[in-house]
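Q: Input: one structure, supplied below.
Taken together, the values in this text are just the output of simple stated rules run on the coordinates, not laboratory data. This structure is a prediction, so every number in the text was calculated from the model and none was measured. Cβ placement follows ideal geometry from the backbone for every residue including glycine, while neighbour counts extend to all protein chains displayed.
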Amino acid sequence: MSSLAPQNSRLDVARINRRGQRVRVDARGIVKIGWFKKQDVEIRDVSPGGARLALPEGVLLPDEFELRLPQFKHPRQCVKRWECGLEIGVEFLLG
């Protein structure tokens, strides 16, 4: 039973730090890296302030990049906030 406490605490902290409710999606996005390079990514969920992305194995993204999502009219500038295995969390920059 004590093994559940740290996990619940982490979830509570994540809920407090989140800037809006996440919506689970099953979509593909495109990350623009530099002038000519693009990378397809899987979008797992989206909130008003960011998203969780799944990357293909062996793909590394820079700390800041442009993300095109099918549900948004314009691309979003993003900054990488966390990384765990093949998933990353990004924050949308205002601009």
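Q: So which chymotrypsin sites (Phe, Trp or Tyr not before Pro) in the range 48-89 are both in a DSSP loop and have at most 15 other Cβ atoms within 10 Å of their Cβ?
A: Answer by residue number: PHE72.
Q: What does the extension gain come out to for LEU60 and ALA27, with contour length at 0.36 nm per residue minus their alpha carbon separation?
A: Extra length available between LEU60 and ALA27 comes to 9.9 nm.
Q: Suppose the chain between GLU83 and LYS38 were pulled fully straight at 0.36 nm per residue; how much longer would it get relative to their current alpha carbon spacing?
A: 14.2 nm
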